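Chemist: The structure that follows is given in the form of C-alpha cells.
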C-alpha cells in the first residue's frame with residue numbers, strides 16, 4: 001500500500017447507516033478499527049454513527065443501532081463510510097446528499113460499502129472515479145449511471161473516494177487502509193486477529209468462478225456461460241455460442257443437458273430473468289425498459305416469461321421489492 005504514514009492523533013471515522021444496511025458489511029468495516037486500537041495499545045481510530053433524522057436505524061436482519069447523531073452534524077471526520085443494503089436505488093434524501101457533498105468539499109474521505117456507492121453516485125461524488133459495489137446492485141447501478149464505469153472488484157481506493165463491494169471485503173478494505181496508515185505489521189496482526197489468513201487485494205473478484213459456483217469443469221461450456229453472462233441485453237444466437245465452444249449446436253445442447261440438466265434456451269432465459277428480477281427490485285425503470293435491458297422484444301413477452309419462471313407478474317415483484 002506504499003509508505004507507512006505516521007498519524008499524529010486518532011483518526012475520526014464516521015459511519016452513516018442507511019435503513020436496511022447490511023450488518024455483516026458494517027461489522028467487517030468497524031471491527032478492524034477496534035482491533036487495531038487493541039493490538040497497537042494506542043487509540044489510532046475513534047468512530048461515531050449517524051443516521052437520517054438521528055433516529056434508531058434497523059439493519060436488514062432486524063437489529064437496530066442507536067446513532068450518535070443525525071445527518072448534518074459538524075463532528076470531526078477524517079473518513080465517513082455510507083453503509084447501505086437492500087434497495088439503495090429508492091433512497092432519495094436530499095439532506096443526506098447535501099451533507100455528503102459538504103463533507104467532501106471539506107476534504108473528508110467519503111466511502112460507500114455494499115449499496116453505499118449507489119448513494120454516493122446520487123450525491124454526485126463518483127464522477128470520474130474508480131468504482132465498485134456489490135454485484136447484486138451493479139445491473140441497476142449501470143442502468144442508472146451509465147457514465148460511471150464499474151469494476152467487479154472487492155474495493156477501490158481512489159484518492160479521497162473509497163468504494164467497497166461489501167460483505168467480508170469490507171474487512172480486506174480496512175486492513176488495506178490500516179496498512180497504508182500504520183504499516184504492514186499491524187495490518188497483518190489485525191487479519192490474524194479475525195482468523196483472516198488470506199488478505200485479498202482490492203482487484204480480487206467478488207464472486208466465485210463459474211467453475212466452482214456451478215461445479216462445472218468443461219472449458220467449452222464455461223466459455224459459453226461466460227459469454228451468455230456478459231450478453232444479457234443482446235442474447236447471443238445458439239450458432240454463435242457453438243462457434244465460441246468450437247462445437248456444433250447439437251453438441252453444445254448435449255453439453256448443457258449433461259452438465260446443467262436443461263438446454264441452452266432455458267439456461268439463457270433463466271439468467272436474463274434473474275437479471276430482470278434484480279432490476280425490478282432495485283430500480284424504478286418502467287417494465288418495458290427492464291424487458292429491453294434483459295433482451296425481450298416487448299413487455300408482454302417479458303411478462304409471460306417472468307410469470308412462468310417466478311409464478312408472479314413483474315408488477316408484484318416491484319411492489320414487494
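Chemist: Would you mind stating whether residue 30 is surrounded by 15 or more Cβ atoms within 10 Å (Cβ to Cβ) and in contact with a helix residue (DSSP H, G or I) (Cβ under 7 Å, 6 or more places away or on another chain)?
Modeler: On the way: surrounded by 15 or more Cβ atoms within 10 Å (Cβ to Cβ): yes; in contact with a helix residue (DSSP H, G or I) (Cβ under 7 Å, 6 or more places away or on another chain): no.
Criteria not met by residue 30.
Chemist: Select from the range 247-269 the residues that are surrounded by fewer than 14 Cβ atoms within 10 Å (Cβ to Cβ) and in contact with a helix residue (DSSP H, G or I) (Cβ under 7 Å, 6 or more places away or on another chain) and write down the one among them that is nearest to residue 304 (Cα to Cα).
Modeler: 262
Chemist: Something else now. If we scan the range 151-158, do we find a residue that is modelled with pLDDT of 95 or more and more than 15 Å from the chain's Cα centre (by Cα)?
Modeler: no
Chemist: If you go through the range 193-212 one residue at a time, do you hit one that is over 22 Å from residue 117 (Cβ atoms), outside any strand (DSSP E or B) and at pLDDT 90 or above?
Modeler: Looking through the range 193-212, at least one residue is over 22 Å from residue 117 (Cβ atoms), outside any strand (DSSP E or B) and at pLDDT 90 or above.
Chemist: For the range 171-186, what are the residues that are farther than 21 Å from residue 138 by Cα and either buried (at least 24 other Cβ atoms within 10 Å of the Cβ) or not assigned by TED's automatic domain parsing to the domain that holds residue 117 (or both)? Give the derivation first.
Modeler: Here is the first cut: in the range 171-186, the residues farther than 21 Å from residue 138 by Cα are 174-186.
Those that are farther than 21 Å from residue 138 by Cα and either buried (at least 24 other Cβ atoms within 10 Å of the Cβ) or not assigned by TED's automatic domain parsing to the domain that holds residue 117 (or both): 174, 175, 177, 178.
Chemist: May I pose another question? Looking at the range 66-81, which of its residues are farther than 21 Å from residue 181 by Cα and part of a strand (DSSP E or B)?
Modeler: Here is the first cut: in the range 66-81, the residues farther than 21 Å from residue 181 by Cα are 66-75.
Listed by number, the residues that qualify are 69, 70.
Chemist: Let me ask you something else. Of all residues being touching a residue at least 24 places away in the same chain (Cβ under 8 Å) and farther than 17 Å from residue 133 by Cα in the range 86-97, which is surrounded by the most Cβ atoms within 10 Å (Cβ to Cβ)? Just the residue, please.
Modeler: Step one: of the range 86-97, the residues touching a residue at least 24 places away in the same chain (Cβ under 8 Å) are 86-93, 95-97.
Subset that is farther than 17 Å from residue 133 by Cα: 92-93, 95-97.
Working: 92: 10, 93: 15, 95: 12, 96: 22, 97: 18.
Here the residue is 96.
Chemist: Let me ask you something else. Evaluate the following for residue 19: is it assigned by TED's automatic domain parsing to the domain that holds residue 164, within 25 Å of the chain's Cα centre (by Cα) and assigned to a loop (DSSP other than H, G, I, E, B)? If you could, list the steps in order and put the result at the bottom.
Modeler: Details: assigned by TED's automatic domain parsing to the domain that holds residue 164: yes; within 25 Å of the chain's Cα centre (by Cα): yes; assigned to a loop (DSSP other than H, G, I, E, B): yes.
Yes: the conditions hold for residue 19.
Chemist: Sticking with this one: Could you please let me know if residue 107 is in contact (Cβ under 8 Å) with a residue 40 or more places away in the chain, in contact with a strand residue (DSSP E or B) (Cβ under 8 Å, 6 or more places away or on another chain) and not in a helix (DSSP H, G or I)? Let's see the steps before the verdict.
Modeler: Working: in contact (Cβ under 8 Å) with a residue 40 or more places away in the chain: yes; in contact with a strand residue (DSSP E or B) (Cβ under 8 Å, 6 or more places away or on another chain): no; not in a helix (DSSP H, G or I): yes.
Criteria not met by residue 107.
Chemist: Right, next: Among the residues of the range 215-234, are any surrounded by fewer than 14 Cβ atoms within 10 Å (Cβ to Cβ), within 27 Å of the chain's Cα centre (by Cα) and at pLDDT below 80?
Modeler: Yes, the range 215-234 contains a residue that is surrounded by fewer than 14 Cβ atoms within 10 Å (Cβ to Cβ), within 27 Å of the chain's Cα centre (by Cα) and at pLDDT below 80.
Chemist: Something else: Can you tell me which residue is surrounded by the fewest Cβ atoms within 10 Å (Cβ to Cβ) among those in the range 55-65 that are part of a strand (DSSP E or B) and free of Cβ contacts under 8 Å to residues at least 40 places away in the same chain? Reasoning before the result, please.
Modeler: If we filter the range 55-65 for residues that are part of a strand (DSSP E or B), which is where we start, we get 57-58, 64-65.
Within this subset, residues satisfying the condition of being free of Cβ contacts under 8 Å to residues at least 40 places away in the same chain are 58, 64.
On the way: 58: 16, 64: 11.
Looking at residues that are part of a strand (DSSP E or B) and free of Cβ contacts under 8 Å to residues at least 40 places away in the same chain, I get 64.
Chemist: Among the residues of the range 84-104, how many are closer than 20 Å to residue 47 by Cβ and either assigned by TED's automatic domain parsing to the domain that holds residue 275 or outside any helix (DSSP H, G or I) (or both)? Give the derivation first.
Modeler: In the first step, residues of the range 84-104 are kept if they are closer than 20 Å to residue 47 by Cβ; the result is 84-85, 96, 99-100, 102-104.
Adding the requirement that they be either assigned by TED's automatic domain parsing to the domain that holds residue 275 or outside any helix (DSSP H, G or I) (or both) leaves 84-85.
Here the count works out to 2.
Chemist: Return the residue satisfying two criteria in turn: it lies in the range 136-170 and is in a loop (DSSP other than H, G, I, E, B) and touching a strand residue (DSSP E or B) at 6+ places or on another chain (Cβ under 6 Å), and of such residues it is surrounded by the most Cβ atoms within 10 Å (Cβ to Cβ).
Modeler: Filtering the range 136-170 for residues in a loop (DSSP other than H, G, I, E, B) gives 136-137, 145-149, 151-152, 154, 159-160, 165-168.
Those still in the list that are touching a strand residue (DSSP E or B) at 6+ places or on another chain (Cβ under 6 Å) too: 148, 160, 166.
On the way: 148: 16, 160: 16, 166: 33.
Applying the filter and picking the extreme gives 166.
The values are calculated or read from the model by the stated rules, or taken from the named source; none is laboratory data. Bear in mind that the values here come from a model prediction, so they are computed numbers and not experimental data. Heads up, the Cβs are rebuilt from the backbone with ideal geometry, glycines too, and the neighbour counts pull from every protein chain shown.
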